[in-house]
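The values are calculated or read from the model by the stated rules, or taken from the named source; none is laboratory data. Treat the numbers as computed from the prediction; the structure is a model and nothing was measured. Counting neighbours? That spans all protein chains shown, and the Cβs are built from the backbone with ideal geometry, glycine included. Just so you know, the surface numbers come from the protein's heavy atoms only, side chains and all, with ligands and any DNA or RNA stripped out. Shrake-Rupley method; radii C 1.70, N 1.55, O 1.52, S 1.80 Å.
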Amino acid sequence: MVTDTDLAAAREEARRRDEADSLAALRERFHVPDGALYLDGNSLGPLSADAERTLTRVVEEWRERGIRGWTDADPPWFGYAEHLGERLAPLVGADPEEVVGANSTTVNIHTLVGTFYDECEGTPSILVDDLDFPTDHYAIRAQLRHRGLDPDDHLVVVESRDGRTIAEADIERALDEHDVGLVFLPSVLYRSGQLLDLPRITRAAHEHGSLFGFDLAHSVGVVPHDLSAYGVDFAVWCSYKYLNAGPGAVAGLYVNREHFGTTPALAGWWGHEKETQFDMAMTYTPAHGAGAWQTGTVPMLSAAPLEGALDVLEDAGIEAVREKSVALTDFLVDLVDEHLPECDVGTPRDPARRGGHVAVEHPDAARVSRALKARNVVVDFRRPNVVRVCPAPLYVGYEECVEFVAHLRAVLDDREYERVDARDGRVT
Ligand SMILES: Cc1ncc(COP(=O)(O)O)c(C=O)c1O
């Protein structure tokens, strides 16, 4: 059993690091739910005063200006998605017109995979991996079916060797062995937190004449990207995780400027060339940039919080966020190794190979995470054995990593997870 005294040195070290942390003051800008140890920002980031301010402003603009908000609001709602795109672009290493805030991530996968598959010659396969987030596969399979193709014959699924990570060499081998037209992979695996080598995979895809897209849901806002420099063809991401824009917030997408002018698979009037959108022509003329991949009207109430949320990230700087994220996850991994010997770390130990969260594995992870929740420690469980722990750098510090370990230690020592009620989550 590890006692509180054993963690005393870790606490002291954590305090020292928190005091020296140049991002620590940003925490004040967030409403972290009452008394919670909030370590779930890779699922849903908390509300910031900044996001609340821009949401409230848009609600007021709606109240005071009604429909005139499309032209007279500040910024005008008509170009709001493109405005968000300009602000998101530096986070992914793109030019402003290569990015737009649009749709949901799943819809963006549909439209971008559909668009780029149509650019392939013949009916080649689409390469994915077996640790992907399920929605990616659902959307890709549906796109294949819409083209009259059997997904089982047209998906190349790279299999993990260890159930946690994907080897880039296996992706390269699959590219050698199959006729792959399109590669679509996550930047960071949602369960283990492995960060794939994006430049290497993009290079390999292009050497094989394949187009390449990424799902950046688990990296945008915590890992800097340089998509245009890598030569990535397209990317999608959510805004409700590390971007803290709220539940179901408008998503983001990137299209490399080489592909501007391509007709989107899911064309809609909001992706029409802006200057002539209100001519209401029956034929669709795509907007010049990534904005062409919008479908319907920009969802202002789910887009507005992103504007303020980006203020916080811009004040922090994405490089500083990544630096702190690596330091926090390193610290947490060391603590787990030292104080929780019955748990494994499923996340790569090389910081260059991981995103912003840590997968703490335990054979009874489902009940363990329920017992943690009963202690107001907000983490999540992913089958079969992972407690995901996210020290999000904008509002989590080192001391909270120690607190997490202390709670988990107590849950294991007192076998609280064996006494947690599956229905109401209470420990008896
Ligand atoms: C990798 C990944 N892609 C996509 C999604 C979800 O997409 P959507 O916002 O359309 O629900 C998630 C949600 O957690 C995710 O982790």
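If both residues of a DSSP beta bridge must be in the chain, then about 55% of such bridges are antiparallel.
The angle between the Cα long axis of helix 198-207 and the longest principal axis of the Cα atoms of the chain comes to about 40 degrees, rounded to the nearest 10.
Computed per residue of the chain from DSSP H runs no shorter than four, each worth -39500 (n - 2.57), the mean residue ellipticity at 222 nm is -12000 deg cm²/dmol.
How far, in nm, would the chain grow between Thr71 and Ala422 when pulled straight, counting 0.36 nm per residue and subtracting the alpha carbon separation?
On the way: separation 351, 0.36 × 351 = 126.36 nm, distance 5.17 nm.
The span from Thr71 to Ala422 would gain 121.2 nm if fully extended.
Computed from the alpha carbon atoms alone, the convex hull of the stretch 43-133 holds 158 Å³ per residue.
Dividing the convex hull volume of the Cα atoms of the stretch 288-428 by its residue count, what figure in Å³ per residue is obtained? Walk me through the numbers before you get to the answer.
Working: hull volume 24.0 nm³, N = 141.
Value for the stretch 288-428: 170 Å³ per residue.
For Lys274, the aspartates and glutamates whose Cα falls under 15 Å of its own Cα, not counting residues fewer than eight places away in the same chain, are Glu82, Glu97.
Packing-based ranking of 201-208, 305-312 yields 305-312, 201-208, ordered from highest to lowest mean Cβ neighbour count within 10 Å. When peptides 91-100, 164-173 are sorted by average Cβ neighbour count within 10 Å, with the highest value leading, the order is 91-100, 164-173. If you take the charge dipole of the stretch 52-314 about its Cα centre, with +1 on Lys and Arg Cβ and -1 on Asp and Glu Cβ, which of Gly271, Leu313, Pro90 is farthest toward its positive end? Towards the positive end, the residue furthest out is Leu313. Shown is the FRET efficiency for Arg383 and Thr123, computed with R0 = 41 Å from the Cβ-Cβ distance and rounded to the nearest 0.05: 0.75.
Taking every pair of Cα atoms in the chain, average 1/r, invert it to obtain the Kirkwood radius, and report Rg/Rh to two decimals. The partial results should precede the final answer.
Numbers: Rg = 22.3 Å, Rh = 22.5 Å.
Dividing the radius of gyration by the Kirkwood radius yields 0.99.
Per residue, the accessible area of the chain comes to 41 Å², computed with a 1.4 Å probe over protein heavy atoms only.
Take peptides 177-189, 13-25, 35-47 and line them up by average Cβ neighbours within 10 Å, highest first, as a rough protection proxy.
On the way: 177-189: 22.4, 13-25: 14.3, 35-47: 20.8.
Top of the packing list down: 177-189, 35-47, 13-25.
Using Cα atoms only, what is the angle between the long axis of helix 365-374 and the major principal axis of the chain, expressed in degrees (0 to 90) to the nearest 10? Relative to the chain, helix 365-374 is tipped by roughly 80 degrees. Run the accessible area of the chain with a 1.4 Å probe and give the carbon-and-sulfur part as a rounded percent. Carbon-and-sulfur percentage of accessible area, whole number: 49.
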